[in-house]
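Q: Let me begin by handing over the structure; questions about it come next.
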Amino acid sequence: MKGEAMKFHLLIFMIFLVNLASASSSPSVIIVGAGMSGISAAKKLHDEGIKDFIILEATSWIGGRIHKTEFGGYVVEKGANWLHGAEGPLKNPMYEIAKQIKLKSFYSDFSNVSYNTYKQDGILCLGTKMVIPILVLGNSTHISPKGIKKVVTEVDYSKRGKVTIKTEDGKVYTGQAVILSPSIGVLQSDLITFKPQLPFWKRRAINEFSIGVYTKIFLKFPKKFWPTGKGTEFFYYVHERRGYYAIWQQLEMEHPGANIMFVTVTDDESKRIEAQPDEKTKAEAMKVLRKIFGDDIPDATDIMIPRWYSDRLYRGTFTNWPVGYSIEKHNNLKAPVGNVFFTGEHTHAELFGYADGAYYAGASTANEVNKLLKKKMSPSLRSLSLTSGRADGKRRPLLYLLLSLPRNEQLENPFFSNCLYLYWWM
Ligand SMILES: Cc1cc2nc3c(=O)[nH]c(=O)nc-3n(C[C@H](O)[C@H](O)[C@H](O)COP(=O)(O)OP(=O)(O)OC[C@H]3O[C@@H](n4cnc5c(N)ncnc54)[C@H](O)[C@@H]3O)c2cc1C
């Protein structure tokens, strides 16, 4: 490992040293979540000279929705494994890092997918050729920190210039600013309580954005019974029930001889499958495979079903931009409230949903925090911290009415800014 990649890993190591060392001190910045965006924010802060930050991560791993795990004696990726945009003018920044740290990678071969499509009765359909070059990270880097397991349950931003964070284990952390990177699914849930409640414009922006569910169901077999070689990596199954065990991918390129396949299901099918026992899912999947490959095929010996939707720390896999959701609302989604900053893939207006979106979002949020710390509290941020109403929960009717305006209008409207200013000093 060389250059930037080495620095990146050293930084991650340092972050955890800082985290362990500073549990009782008062850092400048508290970052909640050590997924792609949280780590990217940490790196940016560090590069900008802000070194007294801590990361509070609920799980025992770094990476969040990028999470490799062991399955049937092999390493598989439960979350993100495609690097989109490996070529072209808008190169994925992870592509360069992947090259530097020499990740095992290859192009996914969709070229024959429409030739490899089976109808509900298992009969092969005829199709046309399609080539989609997408790079797969077959073996992502794994950094194994000590279990952090700090589940943030409360963000108190009622005091000017100070944010107090509480975790499930009863610990309290205080900083000048917090960067929240949990998924929008988490923000939509009641896992984290805000004191005072987030303003209406913010809650609306959060609640109206959308997160989907995408599940890779891994199956290992005692032997291979599917075609292998060029043009066979994927096959589709078309059922009258939309998305019923629809997209199959064999991992021969990644793990030759492992006899592992995974089938992808999404949204309602994902939720249904997450809620039922694995054995039932295995029986359903086997029925589909027997339709395609015949009754003689052996049962799967292992099955693994990631449960991203049921997991209170994710509540979904990646965001979709809902129809009718305006760019103003999205600006509100990523806008800070007082010293509470929001980041994560969902806050990137172009690359939402993707790991590279999370990477850029983290760096951009860290930039904003950096500016805040350098200037201390700017007037506009002071105003924003008031938009939730008074700390005692009582609302001023005029202010409340104005709060329903998109944030840009609030800030651009001099009358509104004056109201907020007056309110601040009352
Ligand atoms: C199955 C699947 C397949 C995907 N495929 C691809 C792909 O091929 N290509 C691609 O580019 N992207 C893909 N993605 C999307 C990509 O993984 C995400 O966009 C990206 O990893 C999100 O990073 P993030 O930092 O925004 O969020 P996260 O990775 O969710 O990071 C947030 C962190 O916050 C932590 N957290 C949550 N709540 C709390 C709390 N209360 N207290 C403390 N910590 C908390 C979480 O544990 C997590 O570590 C996929 C995702 C999934 C799940």
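Q: Mind listing the Cα extents of the stretch 157-211 along all three principal axes, in Å, largest one first?
A: For the stretch 157-211, the Cα spread along each principal axis is 31, 25, 16 Å.
Q: Another question, if that's okay. Using just the Cα positions, wrap the stretch 48-93 in a convex hull and report its mean projected area in square nanometres, one decimal place. Don't jump to the answer; show the numbers that get you there.
A: Values: hull surface 23.4 nm².
That works out to 5.8 nm², a quarter of the Cα hull's surface.
Q: Which values, in whole Å and largest first, are the semi-axes of the equivalent ellipsoid of the stretch 166-284 obtained as the square root of 5 times each eigenvalue of the Cα gyration tensor? Working shown, then result.
A: On the way: eigenvalues 332, 65, 41 Å².
The answer is 41, 18, 14 Å, longest axis first.
Q: Right, next: Quick check: Cα centre of the stretch 144-183 to Cα centre of the stretch 284-339, how many Å?
A: Here the answer is 27 Å between Cα centres.
Q: While we're here: Can you tell me the convex hull volume per residue for the stretch 225-325, based on C-alpha atoms, in Å³ to the nearest whole number?
A: With only Cα atoms used, the stretch 225-325 gives 148 Å³ per residue.
Q: To continue, here is another question. What FRET efficiency, computed as 1/(1 + (r/R0)^6) with R0 = 30 Å and r the Cβ-Cβ distance, is obtained for ARG290 and LYS230, rounded to the nearest 0.05? Spell out each step's value before the answer.
A: Details: r = 26 Å, r/R0 = 0.86.
FRET efficiency, ARG290 to LYS230: 0.70.
Q: About its Cα centre, what dipole magnitude does the stretch 302-354 give when the only charges are +1 on Lys and Arg Cβ and -1 on Asp and Glu Cβ, stated in debye to the nearest 20?
A: Around 180 debye, computed over the stretch 302-354.
Q: Going by a ≥ b ≥ c, the root eigenvalues of the Cα gyration tensor, does the stretch 29-106 fall in the rounded group (a/c under 1.5), the prolate group (a/b larger than b/c) or the oblate group?
A: It comes out oblate by the Cα gyration axes.
Q: What number comes out for the charge environment of THR317, summing +1 per Lys or Arg and -1 per Asp or Glu over other residues with Cβ under 12 Å away?
A: That sum, taken over residues with Cβ under 12 Å, equals +2.
Q: Compare the peptides 299-307, 335-343 by average per-residue count of other Cβ atoms within 10 angstrom and give them in order, highest first.
A: Output ranking for 299-307, 335-343: 335-343, 299-307.
Q: Starting from the Cα of LYS282, draw a straight line to each of the lysines and keep only those under 24 Å, dropping any in the same chain fewer than 8 residues away.
A: Those lysines meeting the cut-off are LYS68, LYS78, LYS119, LYS216, LYS220, LYS223, LYS224, LYS271, LYS291.
Q: Please give the Cα centre distance for the stretch 36-64 versus the stretch 203-220, rounded to the nearest Å.
A: Centre-to-centre (Cα) distance: 23 Å.
Q: Quick one: of the DSSP bridges fully inside the stretch 141-233, what percent are antiparallel, nearest 5? Walk me through the numbers before you get to the answer.
A: Details: 8 of 11 bridges.
That works out to approximately 75 percent antiparallel.
Every number here is computed from the coordinates shown, using simple stated rules; none is lab data. On a predicted model such as this, the values are computed, not experimentally measured, just so you know. Please note: Cβ atoms are built from the backbone with ideal geometry, for glycine as well, and neighbour counts cover all protein chains shown.
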